[in-house]
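K.L.:
I'd like to ask some things about the structure below.
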Amino acid sequence: MKKHVVAYKALSPALLERLREAVDLSCIDITGESGLARLEEALPTAHGLIGSSLKLTPALLDKALQLEAIASISVGYDNYDLDYLAHRGILLSNTPDVLTETVADTAFALILATARRVVELADYVKAGKWQRSIGEPLFGNDVHGKTLGIIGMGRIGSAIARRGRFGFGMPILYNSHSPKPEVDREFSARYCSLDDLLSEADFVCITVPLSEETSGLIGARQLALLKQEAFLINISRGKVVDEAALIEALQAKRFQGAGLDVFEKEPLPSDSPLLNLPQVVATPHIGSATHGTREGMARCAVDNLLAALTGKRPPDLVNPDVWTRRMTDHPK
Ligand code: NAP
């Protein structure tokens, strides 16, 4: 009998066909009022789950007693409780690499948009306010040659560093758990403490995963270290920054501006003070949202899920301990 897979994110016809050849597939649209209830109904017979942008809580997964594997269509896995998955022996996979360059492009879009006031000035033109050559009050800031500080020098951080170093001639500072000699060599980058990075960089770009360790990593004290001429770019997860402290610092104009792709609460509530600040460019979590990359991520997730459900090690396994235990308990 075929295994049952529940897809809770829309997939392309090609991927649906591939899944249907191998498994018994249910597609659940979790948007709308009864979306979650429909998912809950499908869970008791599910062997595999594929999707993203939903917190799969233990309470929800307790309903999926046959579950063997979850394939997240994302690189971040803060929507899953790893201890719970380990306890249940459920494999979790993600989609690294395939989205790295696209997310780095998004970071640079935000760097350029904030520094050169692209959104604000495009709105100015559309509003018919461009009557004569603009004056100094509407000038922006240079990007090339300025110092780029990257918090979290992993896959995406390195791709941003490459753009900054070789595309824009920017000196690179970074902070991670430990220095990375290959990064220092490739980008002439300098490893430094978080505080030094915050107080020296002109553009501070956050690319750490959300974890207990990084939740609230950038609070009022850290924001106070930013230079007056600095810009803050967050493409990681909203909760890495204390949003109330960020709003307060921006309202007080303690630094130049912020480019934000992620927020504490998503979708961003329409009454968020961030929306009234001209120096903020807010995008709706579009880091990886191009046609090509989203399809690549979904394809990668399907590969991971089908591997897991056919007894093979998924290529992008987040919790290898679960796999090791499975192999020890049930050797092939
Ligand atoms: P990655 O390769 O694992 O890189 C993450 C880096 O963060 C690692 O190098 C790690 O340093 C560093 N790090 C972790 N905790 C840290 C801390 N407390 N202080 C300083 N550095 C820390 O991951 P990635 O593929 O680049 O993705 C990064 C994150 O981007 C994802 O987890 C996701 O949340 C986010 N993301 C967002 C979007 C979007 O749409 N906006 C899209 C994709 C990804 P070490 O190597 O030294 O341990």
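The values are calculated or read from the model by the stated rules, or taken from the named source; none is laboratory data. Here the structure is a predicted model, which is why all the values come from computation and not from measurement. Methodologically, a virtual Cβ is constructed for each residue, glycine included, from the backbone with ideal geometry; neighbour enumeration extends over all protein chains shown.
K.L.:
Within the group Ser74, Ser53, Ser12, which residue is closer than 30 Å to Arg163 by Cβ and either of a type in the set (Lys, Arg) or surrounded by 17 or more Cβ atoms within 10 Å (Cβ to Cβ) (or both)?
P.N.:
Going through Ser74, Ser53, Ser12 in turn, just one is closer than 30 Å to Arg163 by Cβ and either of a type in the set (Lys, Arg) or surrounded by 17 or more Cβ atoms within 10 Å (Cβ to Cβ) (or both): Ser74.
K.L.:
Quick check on the range 231-246. Is at least one of its residues more than 13 Å from the ligand (Cβ to nearest atom), farther than 22 Å from Pro284 by Cα and either in a loop (DSSP other than H, G, I, E, B) or at pLDDT 95 or above (or both)?
P.N.:
No.
K.L.:
Among the residues of the range 55-77, what is the count of those that are more than 15 Å from the ligand (Cβ to nearest atom) and either of a type in the set (Asp, Glu) or under 21 Å from the mean Cα position of the chain (by Cα) (or both)?
P.N.:
Here the count works out to 6.
K.L.:
Ok, one more. Restricting attention to strands (runs of 3 or more DSSP E) lying wholly within the range 78-186, give those where 3 or more residues are surrounded by 18 or more Cβ atoms within 10 Å (Cβ to Cβ), more than 12 Å from the ligand (Cβ to nearest atom) and in contact (Cβ under 8 Å) with a residue 12 or more places away in the chain.
P.N.:
Details: elements: 91-93, 148-151, 172-175.
Once the strands (runs of 3 or more DSSP E) in the range 78-186 are filtered for at least 3 residues that are surrounded by 18 or more Cβ atoms within 10 Å (Cβ to Cβ), more than 12 Å from the ligand (Cβ to nearest atom) and in contact (Cβ under 8 Å) with a residue 12 or more places away in the chain, what remains is 91-93.
K.L.:
Looking at Gly287, Gly311, Gly296, Gly292, which one is over 26 Å from Leu217 (Cβ atoms) and assigned to a loop (DSSP other than H, G, I, E, B)?
P.N.:
Gly311
K.L.:
Okay, moving on. Going residue by residue through the range 296-303, is there one that turns out to be surrounded by 14 or more Cβ atoms within 10 Å (Cβ to Cβ), modelled with pLDDT of 95 or more and under 14 Å from the mean Cα position of the chain (by Cα)?
P.N.:
Scanning the range 296-303 turns up at least one residue that is surrounded by 14 or more Cβ atoms within 10 Å (Cβ to Cβ), modelled with pLDDT of 95 or more and under 14 Å from the mean Cα position of the chain (by Cα).
K.L.:
Can you tell me which residues in the range 227-258 are touching a residue at least 60 places away in the same chain (Cβ under 8 Å) and hydrophobic (A, V, I, L, M, F, W, C)?
P.N.:
Phe231, Ile233, Ile235, Ala258
K.L.:
Another question, then. Filter the range 189-215 down to the residues that are surrounded by 17 or more Cβ atoms within 10 Å (Cβ to Cβ) and either more than 14 Å from the ligand (Cβ to nearest atom) or in a loop (DSSP other than H, G, I, E, B) (or both) and list them by number.
P.N.:
Ala189, Arg190, Cys192, Ser199, Glu200, Ala201, Asp202, Phe203, Thr207, Val208, Leu210, Thr214
K.L.:
Continuing with this model, one more query. In this structure, does Thr283 turn out to be within 15 Å of the ligand (Cβ to nearest atom), touching a Leu at 6+ places or on another chain (Cβ under 6 Å) and not basic (Lys, Arg)? Steps first, answer last, please.
P.N.:
Numbers: within 15 Å of the ligand (Cβ to nearest atom): yes; touching a Leu at 6+ places or on another chain (Cβ under 6 Å): no; not basic (Lys, Arg): yes.
So Thr283 does not fit the description; no.
K.L.:
Please indicate, with yes or no, whether at least one residue in the range 250-260 is surrounded by fewer than 18 Cβ atoms within 10 Å (Cβ to Cβ) and within 16 Å of the ligand (Cβ to nearest atom).
P.N.:
Within the range 250-260 (the criterion being surrounded by fewer than 18 Cβ atoms within 10 Å (Cβ to Cβ) and within 16 Å of the ligand (Cβ to nearest atom)), the answer is no, since none of the residues qualifies.
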